[in-house]
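Below: the structure, in structure tokens.
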Amino acid sequence: MSADLRDVRDSFFAAGSARRNRSASSIVQPCVLESWHRIRDSGQGITDTFGLLSLGEIAPDDVPQTSDIGSIIHEAMVPIPERHGGCLCFYDQNGSLSELHCDDAVKAALIDRGISTGISFLETIAGTNAVDLTLRTRATVATVGAQHTCRLLDDLWMVACPLIFPDAELRGAVALIGTGEDVPAFSHQMVAGAAKLMTSHLRNLDLTRKLSQLLQEQKAIIDSISDGLLVVARDGNVQHLNSHAARILGVDPVLSVGRKFSELIDFDPIIYPLFQNGTGYKDEELLIRTPMRTLHLSDTAVPIKDDAGNVASIVNTFREFSDLQKVAHRLGGTRAVYRFEDIVGHSAKIQSAVRAARKAARTDGSILLLGESGTGKKLFAQAIHLGSGRANGPFVAINCAALSRDLIEEELFGRVGGVIDGVNRAGRPGKFELAAEGTLFLDEISAMPLDLQVKLLEVLQERSVVRLGGAQSFSVNFRLIAASNTPLVSLVESGEFRRDLLFRLSVIDIVLPPLRERQGDVDLLVSHYMEKYASDHSRDNWSIPTDTMASLRAYNWPGNVRELQNAVERLSNNANDFSISDIESPDFTTVDRKIYENPAFGFRLRPLQDHEKDIIDKTLKMVGYNMSKAARELRISKVTLYKKIKDYSIELRRPIGS
């Protein structure tokens, strides 16, 4: 140790004015001198040992785990310092010694001085030293002998270099420590090389961790999506297979990776031709049948090309078609919302119908709802669905009388894709398929054309359906509820309805009573709809006069509950403040006569049924009472035409001589 340097240090800390000590300024580097000033100004001075703080008193999260780095540093660089008695050390950003690499003899000598992993080299603990100064200045710093203010370091030299990442983040320091009064010439290059290597390795570790985290996140995202996802390389090997794809294909998601895709399945891979033509597809419907499996999928394949334009891999996503149908119905299809609790009425007949419906809901047989228009057949159908084991499945409803023969056939059976009538049309499933695992409600079943009745019977017997224009059959599993306001037995006798289909439909018959037979229910229904429309029209309190209420009870209600609901809504709309005093008796054949005869419209307004009767009558006359031509002109089926002729009592008068 240089006696002069020790004397300068001792006199510096003994002097009254440190900032005027010219001897120290001339032989001590500025950063060391600044450290001396800080130490003396704090009243600490020269110490014989390190302070009390060690790694054990630092929160574990604050200390980086660097053993994986140390082994690499040791293998690459320790041989150099070992030949010169040096020790290579790594410190974290808090100045704590995390790695110590040298031979056992040197390590033992340092440990005797209190230098071991966990010791802090911060200035407040270890006094002036190169490690603390390099963390402060972010520059390579060397300290030797009496430049240290802890006497344990008086016969050591230290060269420290900061570990700084490209983003300017300080991650720690690397230092070379040895015994003697002179810093070896190789030490600066040695420390700089070690710092560069360690910085590079730390950066690679960070990148590896981030990539690993990214891969884990991507895997979690891929496995969380409801679609199956498959990635196949050009050589046919599976690169990735998520859990949903493995479940759909019936393969192991782990063991399948790295194997030929064609070896995992028992059908020709649909995506293989894409490696040659490079053309992907989106949302194609696939039906695959093999001895081992039946797959009905919505399939998308995207080719991934390399810089040369060749297909390097294919990303294939697919979903079971039944799942797609459920989503479509959940978002835009018919929904069942009414339950048995929503059926208003205490009369014996309506309660008997509810009990029969509740019992029927527990079975899976076909149900036929019979009742006049407006008696609540659709409400009962929804309640049965929601009270059944199929409540979580779709509720699909179609009114057979509202569509022409061609439209109802396509609605029920669907259509395959392709060029149809010169137009490229996409295929789509019909109501039979969309009702899978749920309920299909066919309202006004009596209006279904005879030829479609045959096809419906076949679907019910075979439980499979063939789309229009196609040959493939699709299995269907639905519960059928049909409804009719016309006694089907009479239609069977007149040849307008198939007897065998009636047998299929009427496994369970439920007759819904007309309102005129539901004694006492008018008051309940009026109260129910008054409450509803009071809320809708922001009327907190309104009432119906006694005489009007008596008229409501006495009325025959040919339109049943639907007609009563409309009456109460009209009463609500015409209410003055919170009471009604000027509404006529609800004889709906006369109550709106003054509205219908309003001259402002230029003609006498009449109910829609009267207009429809006139149109049918005039059309029949124009075509000479040719029923086929009339049905085509009116765009309805002949069965529907005959039914309307019967309902409206239209006289079929053929021209003389025809």
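The values are calculated or read from the model by the stated rules, or taken from the named source; none is laboratory data. On a predicted model such as this, the values are computed, not experimentally measured, just so you know. Here the Cβ positions follow ideal geometry from the backbone for every residue, glycine too, while neighbour counts run over all protein chains shown. What goes into the accessible areas is simple: the full protein's heavy atoms, side chains included, and nothing from ligands, DNA or RNA. Shrake-Rupley method; radii C 1.70, N 1.55, O 1.52, S 1.80 Å.
Out of Ile350, Ile304, Ile314, I need the residue that is at pLDDT 90 or above, under 29 Å from Ala482 (Cα atoms) and either in contact with a strand residue (DSSP E or B) (Cβ under 9 Å, 6 or more places away or on another chain) or among the β-branched types (Val, Ile, Thr) (or both). Which one? Give the steps one after another, and end with the answer.
Details: Ile304 fails: under 29 Å from Ala482 (Cα atoms); Ile314 fails: under 29 Å from Ala482 (Cα atoms).
From the options Ile350, Ile304, Ile314, the qualifying one is Ile350.
Checking Lys594 against (1) open to solvent by 100 Å² or more (accessible area, probe 1.4 Å); (2) farther than 30 Å from Asn556 by Cα; (3) modelled with pLDDT under 75, which single condition isn't satisfied?
(2)
Any residue at all in the stretch 168-182 that's outside any loop (DSSP other than H, G, I, E, B) and more than 16 Å from Leu88 (Cα to Cα)?
yes
For residues in the stretch 201-238 being in contact with a Gly (Cβ under 9 Å, 6 or more places away or on another chain) and without any contact (Cβ under 8 Å) to a residue 60 or more places away in the chain, which is surrounded by the most Cβ atoms within 10 Å (Cβ to Cβ)?
Val238
Has the stretch 551-559 got at least one residue that is at pLDDT below 80, open to solvent by 60 Å² or more (accessible area, probe 1.4 Å) and closer than 25 Å to Lys377 by Cβ? Show your work before the answer.
Taking the stretch 551-559 first, the residues at pLDDT below 80 are none.
No, the conditions are met nowhere in the stretch 551-559.
Could you please give the count of residues in the stretch 239-256 that are surrounded by 14 or more Cβ atoms within 10 Å (Cβ to Cβ) and more than 24 Å from the chain's Cα centre (by Cα)?
Of the residues in that region, 3 qualify.
What do you reckon, is Thr290 surrounded by fewer than 14 Cβ atoms within 10 Å (Cβ to Cβ), of a type in the set (Val, Ile, Thr) and at pLDDT below 85?
Judged against the criteria, Thr290 is a match.
When only residues in the stretch 380-424 that are in contact with a strand residue (DSSP E or B) (Cβ under 9 Å, 6 or more places away or on another chain) and on the phi > 0 side of the Ramachandran plot count, which is modelled with the lowest pLDDT?
Taking the candidates together, the pick is Gly418.
For the stretch 505-520, enumerate the residues that are of a type outside the set (Val, Ile, Thr) and either open to solvent by less than 80 Å² (accessible area, probe 1.4 Å) or modelled with pLDDT under 90 (or both).
Just the residues of the stretch 505-520 that are of a type outside the set (Val, Ile, Thr), to begin with: 505-506, 509, 512-520.
Across the stretch 505-520, the qualifying residues are Leu505, Ser506, Leu512, Pro513, Pro514, Leu515, Arg518, Gln519, Gly520.
When the residues of the stretch 86-120 are filtered to those that are assigned to a helix (DSSP H, G or I) and β-branched (Val, Ile, Thr), which remaining residue is nearest to the chain's Cα centre (by Cα)?
Ile111
Residues checked against (1) open to solvent by less than 10 Å² (accessible area, probe 1.4 Å); (2) more than 22 Å from Leu407 (Cβ to Cβ); (3) part of a helix (DSSP H, G or I); (4) touching a Gly at 6+ places or on another chain (Cβ under 8 Å):
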| residue | (1), (2), (3), (4) |
| --- | --- |
| Leu452 | yes, no, yes, no |
| Lys455 | no, no, yes, no |
| Asn477 | no, yes, no, no |
| Ile481 | yes, no, no, no |
| Val492 | no, yes, yes, no |
| Gly495 | no, yes, no, no |
| Phe503 | no, yes, yes, no |
| Ser527 | no, yes, yes, no |
| Met530 | no, yes, yes, no |
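For the stretch 408-415, indicate whether the set of residues that are open to solvent by 10 Å² or more (accessible area, probe 1.4 Å) and more than 32 Å from the chain's Cα centre (by Cα) is non-empty.
Yes, the stretch 408-415 contains a residue that is open to solvent by 10 Å² or more (accessible area, probe 1.4 Å) and more than 32 Å from the chain's Cα centre (by Cα).
Starting from the stretch 94-113, keep only residues that are under 17 Å from Asn129 (Cα atoms), then list their pairs with residues that are among the polar types (S, T, N, Q) and open to solvent by less than 30 Å² (accessible area, probe 1.4 Å) whose Cβ atoms are within a distance under 6 Å, requiring at least 6 positions of separation or different chains.
Going by the 6 Å Cβ cut-off, the qualifying pairs are Gly95/Ser120; Ser96/Ser120; Ser98/Thr66.
Out of all the residues in the stretch 129-167, which are more than 18 Å from Phe90 (Cα to Cα) and among the β-branched types (Val, Ile, Thr)?
Residues satisfying the conditions are Val144, Thr149.
For residues in the stretch 380-396 being touching a helix residue (DSSP H, G or I) at 6+ places or on another chain (Cβ under 7 Å) and of a type in the set (A, V, I, L, M), which is most open to solvent (accessible area, probe 1.4 Å)?
Ranking the qualifying residues of the stretch 380-396, first place goes to Ala391.
So Pro166 passes all but one of these: (1) surrounded by 15 or more Cβ atoms within 10 Å (Cβ to Cβ); (2) out of contact with any strand residue (DSSP E or B) (no Cβ under 9 Å at 6 or more places or on another chain). Which condition number does it fail?
Status for Pro166: all satisfied but (1).
State which residue pairs qualify: first residue at positive phi and inside the stretch 250-274, second residue loosely packed, with under 12 Cβ neighbours inside 10 Å in any location, beta carbons under 8 Å apart, and separation of 6 or more residues or different chains.
Gly250/Met292
Going through the stretch 125-140 one residue at a time, which ones are under 16 Å from Cys87 (Cα atoms) and among the hydrophobic types (A, V, I, L, M, F, W, C)?
Quick first cut of the stretch 125-140, residues under 16 Å from Cys87 (Cα atoms) only: 129-131.
Matches in the stretch 125-140: Ala130, Val131.
Condition check: of a type in the set (Gly, Ala, Ser), at pLDDT below 80 and under 27 Å from Asp10 (Cβ atoms). Does Gly127 satisfy that? First the steps, then the outcome.
Working: of a type in the set (Gly, Ala, Ser): yes; at pLDDT below 80: no; under 27 Å from Asp10 (Cβ atoms): yes.
No, not satisfied.
List every residue pair whose Cβ atoms sit under 9 Å apart, with the two residues 6 or more apart in sequence or on different chains, where the first one lies in the stretch 154-180 and is polar (S, T, N, Q) and the second, anywhere, is assigned to a loop (DSSP other than H, G, I, E, B) and open to solvent by 10 Å² or more (accessible area, probe 1.4 Å).
Thr179/Gly85; Thr179/Asp155
Failed condition for Leu163, given (1) at pLDDT 90 or above; (2) in contact with a Lys or Arg (Cβ under 6 Å, 6 or more places away or on another chain), with all others met?
(1)
So is Ala146 of a type in the set (A, V, I, L, M), out of contact with any Gly (no Cβ under 8 Å at 6 or more places or on another chain), assigned to a helix (DSSP H, G or I) and surrounded by 21 or more Cβ atoms within 10 Å (Cβ to Cβ) or not?
The answer is yes for Ala146.
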